[in-house]
Each structure stands twice: as structure tokens, then as C-alpha cells.
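K.L.:
Quick one: the structure is below, questions incoming.
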Amino acid sequence: MKKTVLTYGLISGAIVSIALLAGILLMSGPNGEANMEGGAVFGYTSMIVALSLIFFGTRSYRDKHLEGKIGFWKAFQIGILITAIASVMYVVTWMIYYHTSDMTGHFGQQYAEHIRETLKSSGATDAQIAAKMKENEDFMKLYESNPLVMFGATLMEIFPVGLVISLISSFFLRTKKNIAMV
């Protein structure tokens, strides 16, 4: 199981990491401003594509090592381990890029402006906008100063996607026990 999990986890992690970097390049304007909406769509789509390897890795293990039979929990174990590897690779890629590029500080300002514009367009009051901006400012200070917070927040972007794909894959790949007719 270890070889299957490592193989599919590393491939999935490489895909999602390359897509993360490509998305940053593709979704940045000429002045370095980020397209937050387009970036989110591109990012989550690339996560789904990369994490689809959970299905193929689980199926491969089932067919090659378990004679085509696998229970839900064994399939889920394989899927969640692939998810963990891919997720850690994604987070590490983001953290390295964030700290070696001009993103530090710059990203927080762009994200704050995106929040402000989203709130304005939704009809939020000035007081609501000010409260949300203060909340975001406090979080960004913590995010940029504490690597564990950055790791955890970034992990929460991708891990739930992998969790859902692991559950769905486990459901569809599980094999029911044969019940002998009496």
C-alpha cells in the first residue's frame, strides 16, 4: 500500500503544486495584481483534477493487490493518505513561493481590497465593512508572522477537497461482500 500511496500522492502533489504556480502566473495582471475570483476557480479546479488521482490510486491498489475487492475503510485510508501527501506538497509550495517572492504583504493588501469590494457590492454597511477589514487585518498579521497558522490555513484550502474525493472514491470503489444464496 505504501508504494501506491506514495506514487499517487507524489504525482497528485506535483500536479497541484505546478498548477498553483501556473495559476499565480496566469491570474496575475500586468501590475502584479491578482485576479482573486479567477484564481479561486482555477485553483479549485486544478485541485479536483490533481486529487482525482485518489480514485485511480485506490482502484489500482484494489485491482493489483486485493484481487479486485476492497472495503470502504481501506479505500478511504488509501485516499486520505494520498490526500495528505498532495496537501502537504501544496502547502509547502505555497509557503516557499510566498516567502521567496514579493507576495509577503502584497498578497494581504490585495486580499483585503478584494474583501472590501465584495462587501461593498453585497450592500454591507460601512460599519460591517470596517469590522470585517479589522478582522482580516488581524488574521493577516497572524498568518504572516506564524508559520503554523499559515500552514494550517493553507492546508484548509486543499485538504477538505481531498477528503470529499476520498469519501466519494471509497463509496464507488468498495466491493460488497458476496452473500451466498441459501
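The values are calculated or read from the model by the stated rules, or taken from the named source; none is laboratory data. These figures come from a predicted structure and were not determined experimentally. Because the Cβ atoms are built from the backbone with ideal geometry, glycine has one as well, and the counts that use them run over all protein chains shown.
K.L.:
Tell me which residues, restricted to the range 43-69, are of a type in the set (Val, Ile, Thr) and at pLDDT below 95.
P.N.:
45, the sole residue that qualifies.
K.L.:
Pick from the range 173-182 the residues that are surrounded by fewer than 13 Cβ atoms within 10 Å (Cβ to Cβ) and either modelled with pLDDT of 95 or more or charged (D, E, K, R) (or both): which of them is farthest from residue 88 (Cα to Cα)?
P.N.:
Of the range 173-182, the ones surrounded by fewer than 13 Cβ atoms within 10 Å (Cβ to Cβ) are 176-182.
Restricting the remaining residues to those that are either modelled with pLDDT of 95 or more or charged (D, E, K, R) (or both) gives 176-177.
Details: 176: 33, 177: 35 Å.
Per the stated criteria, the residue is 177.
K.L.:
Which of the residues belonging to the range 41-81 are assigned to a helix (DSSP H, G or I) and either touching an Asp or Glu at 6+ places or on another chain (Cβ under 9 Å) or of a type in the set (Ser, Thr, Tyr) (or both)?
P.N.:
Correct list: 43, 44, 45, 46, 47, 58, 60, 61.
K.L.:
So the check is Cβ under 8 Å with 6+ separation or different chains; which pairs have a first residue in the range 148-165 that's under 25 Å from residue 72 (Cβ atoms) and a second one that's of a type in the set (S, T, N, Q) and not in a helix (DSSP H, G or I)?
P.N.:
That search, which allows pairs on different chains as well, returns 165/52.
K.L.:
Name, by its number, the condition in (1) over 14 Å from residue 173 (Cα atoms); (2) surrounded by 13 or more Cβ atoms within 10 Å (Cβ to Cβ); (3) modelled with pLDDT of 95 or more that does not hold for residue 40.
P.N.:
Exception for residue 40: condition (3).
K.L.:
Next question. Tell me which residues, restricted to the range 96-111, are surrounded by fewer than 16 Cβ atoms within 10 Å (Cβ to Cβ) and farther than 17 Å from residue 25 by Cα.
P.N.:
105, 109
K.L.:
As an exercise: evaluate residue 127 against (1) exposed (fewer than 11 other Cβ atoms within 10 Å of the Cβ); (2) among the aliphatic types (A, V, I, L, M); (3) under 30 Å from residue 79 (Cα atoms) and give the number of the one condition it does not meet.
P.N.:
Only one criterion in (1) exposed (fewer than 11 other Cβ atoms within 10 Å of the Cβ); (2) among the aliphatic types (A, V, I, L, M); (3) under 30 Å from residue 79 (Cα atoms) is unmet by residue 127, namely (3).
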